[in-house]
Amino acid sequence: MPWISRRALAETAAAMTRLRGRVRGLEADLLEQGRANGRLAARAVAAENAHQGAAKAIRTAHQSQHDELSRLRVQVDLLRADRDGLRRQLDDALSYTPEAVERINKGAVRR
């Protein structure tokens, strides 16, 4: 075995101690980074679940609004039919011909 001076051995030992310290520090940093990544992943999953829940609620609300709009359109159509029927009944009761109704709509007065 070749001869190595005590000074070289001491410097090597000191360098190894520093390297081991750096390795421990890097391992600790790596462990902390892994924990942080885990927390971020958990938050991402929670955010995705919240997003999916919100999207489902929006779809449900949209469908509900669509159903309500359809119901109201049917109701408006029925009310229009009632209005038109009542107008015809009133016109018939007053003996207005379609031509007379047109003249009245234009501002003529019946005499």
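The values are calculated or read from the model by the stated rules, or taken from the named source; none is laboratory data. None of these values were measured; they are calculated from a predicted model. Because the Cβ atoms are built from the backbone with ideal geometry, glycine has one as well, and the counts that use them run over all protein chains shown.
Summary table
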quantity	calculated
Residue ID - farthest from the chain's Cα centre (by Cα), chosen from residues in the range 55-96 that are surrounded by 10 or more Cβ atoms within 10 Å (Cβ to Cβ) and polar (S, T, N, Q)	Gln89
Checklist (1) of a type in the set (A, V, I, L, M, F, W, C); (2) at pLDDT 90 or above; (3) in contact with a helix residue (DSSP H, G or I) (Cβ under 8 Å, 6 or more places away or on another chain) applied to Val101, failing item	(2)
